[in-house]
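Reviewing the structure listed below.
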Amino acid sequence: MTKKSGWRTLVRGWFLGAILVGLACLWVRFGWLEAQLAPAACGGKWVPGGGVACAAKFLLVQAFLEERIGWVAVLCAALSQLRGSRRWAVAALWLGVAATVFYAATPGVIAVLWALPRLWFCDAPRGWRARTSSP
């Protein structure tokens with residue numbers, strides 16, 4: 001694999017996904033929730049006949065409480081390290097980015113920083129060892 005194709009894979013993969021998740025979360029937070037476009041009648045409680053907008057707002061508020069989304073991201077990062085799984089690391093990265101935007105910055109940043117080495121160096125043993133062991 002050449003350096004150029006490696007960077008293309010990186011940009012098309014989890015890195016671009018993290019940027020898109022971050023931008024989407026920023027729009028939801030500042031363009032929908034804090035711009036008062038979300039229904040005000042269904043704040044942090046469940047309203048049975050509230051519709052999709054009320055259900056989405058309820059779920060977002062539940063994710064904010066006690067930094068739940070951030071702690072789920074930390075759990076995903078821990079699973080990625082224990083299982084050696086790139087998928088759990090991508091989940092931790094994306095949830096960590098979302099948590100950082102949605103009022104759970106501390107556990108979100110911890111999850112992102114814990115998941116990045118798994119993502120960045122996941123293929124390193126194959127490529128790095130091959131380059132260092134060749135004469």
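The values are calculated or read from the model by the stated rules, or taken from the named source; none is laboratory data. Quantities reported herein were computed from a predicted structural model and do not represent experimental measurements. In this analysis, Cβ positions are derived from the backbone assuming ideal geometry, glycine residues included, and neighbour counts consider all displayed protein chains.
Things to note:
The rows are residues; the columns are (1) within 15 Å of the chain's Cα centre (by Cα); (2) among the hydrophobic types (A, V, I, L, M, F, W, C); (3) at pLDDT below 80.
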| site | (1), (2), (3) |
| --- | --- |
| Val47 | no, yes, yes |
| Ala56 | no, yes, no |
| Ala63 | yes, yes, no |
| Ile69 | yes, yes, no |
| Val74 | yes, yes, no |
| Ala115 | yes, yes, no |
| Arg118 | yes, no, no |
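- When Ala63, Ala56, Ala38, Ala24 are checked against the criterion of being small (Gly, Ala, Ser), assigned to a helix (DSSP H, G or I) and touching a helix residue (DSSP H, G or I) at 6+ places or on another chain (Cβ under 8 Å), a single residue qualifies: Ala63.
- Criterion (within 26 Å of Phe121 (Cβ to Cβ), touching a Cys at 6+ places or on another chain (Cβ under 6 Å) and part of a helix (DSSP H, G or I)) met by exactly one of Ala98, Ala73, Ala111: Ala98
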